[in-house]
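Written out below as structure tokens is the structure these notes cover.
The values are calculated or read from the model by the stated rules, or taken from the named source; none is laboratory data. Here the structure is a predicted model, which means the values were calculated and not measured. Every residue, glycine as well, gets a Cβ built from its backbone with ideal geometry; the counts of neighbours run over all protein chains shown. Side chains are part of the model used for accessible areas, which takes the heavy atoms of the whole protein and leaves out ligands, DNA and RNA. Shrake-Rupley method; radii C 1.70, N 1.55, O 1.52, S 1.80 Å.
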Amino acid sequence: MSYLVLSRKWRPDKFEKLVGQGHISKTLLNAIELDKVAHAYLFTGSRGVGKTTAARILAKELNNTNIDKIATGQNLDITELDGASNRGIDEIRDIKESVKYPPSNGRYRIFIIDEVHMLTEPAFNALLKTLEEPPKYVVFIMATTEPQKIPQTIISRSQRFDFRRLSMDDITGHLEDIMKKEKIEFEEQILEMIALKSDGSMRDA
């Protein structure tokens, strides 16, 4: 069996497991429970703090689906797009076309756009038109490390969540938990050094 890097193997699959972002997990869980789901979310923060993971968990919870199917593109109602490599207007036009059709299995048709700040200006303009009058069954979840590069018109139509860098305690605690589950011997001091070097990023740690 091929080796799976620890950051992927132990990536959270529910909000309760999302490390260091309890304020966001609680708010999103409440929104789902109270059926107050926004049509657009913007997750901001530095790399490796849980933005994409939270986007997938939110999509999973909204459509009651398997999170692995989201990451591998097997869920027809959930589309994940990397803004860094799919940044043009054609990709957004494809989304605009998809928006016309209701979900086939889940409750929502969900679009996750990672590194959304990388989109071109024409692509942002096309996206804005979709965000202005989205069907009730459509939810956009956008993630970015550079919110200052996103047009204010997009930000104003989204519910924004700022993810914070993880604390040393958050990172060392989580690493310790993983080491125990993996049955790997470790020294507390080493985990603290790793946490310090990771600069608040759980993925880097």
Could you run the Karplus curve 6.51 cos²θ - 1.76 cosθ + 1.60 with θ = phi - 60° over region 129-135 and give me ³J(HN,Hα) per residue in whole Hz, x for Gly and Pro? 4, 6, 6, 5, 9, x, x
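Taking K and R as +1 and D and E as -1, what net charge do the other residues with C-beta under 12 Å from the C-beta of S98 add up to?
For residues surrounding S98, the net value is 0.
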Pairs over 19 Å Cα to Cα, from K14/K60; K51/K181; K100/K129; K26/K180; K36/K60, come to K51/K181; K26/K180
Of all the accessible heavy-atom surface of region 59-144, with the other protein chains kept in place and a 1.4 Å probe, what percent is carbon and sulfur? 44 percent
If amide hydrogens are placed 1.01 Å from N in the peptide plane, which non-local residues have theirs closer than 5 Å to the one on L42? M142, Q159, R160, F161
Please sort 30-38, 197-205 by packing, taking for each peptide the average over its residues of neighbouring beta carbons within 10 angstrom, highest first. 197-205, 30-38
With the 1.4 Å probe rolled over protein heavy atoms, region 1-110 has an accessible area per residue in Å² of 56 Å²
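Calculate the all-directions average of the projected area of region 66-205's alpha-carbon convex hull, and give it in nm².
The directionally averaged projection comes out at 10.3 nm².
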Ordering of 111-119, 95-103 by packing [mean C-beta count within 10 Å, highest first]: 111-119, 95-103
Are there any GluC sites (Glu not before Pro) in region 163-197 that are in a DSSP loop and have at most 16 other Cβ atoms within 10 Å? List them by number. E182, E185, E187
3J(HN,Hα) from dihedral phi, region 66-73, Karplus parametrisation 6.51/-1.76/1.60, rounded to Hz, x for glycine, proline: 7, 5, 5, 5, 5, 5, 9, x
Please give the net charge around E33, taking every other residue with its beta carbon less than 12 angstrom from that of E33, where Lys and Arg add +1 and Asp and Glu add -1. 0
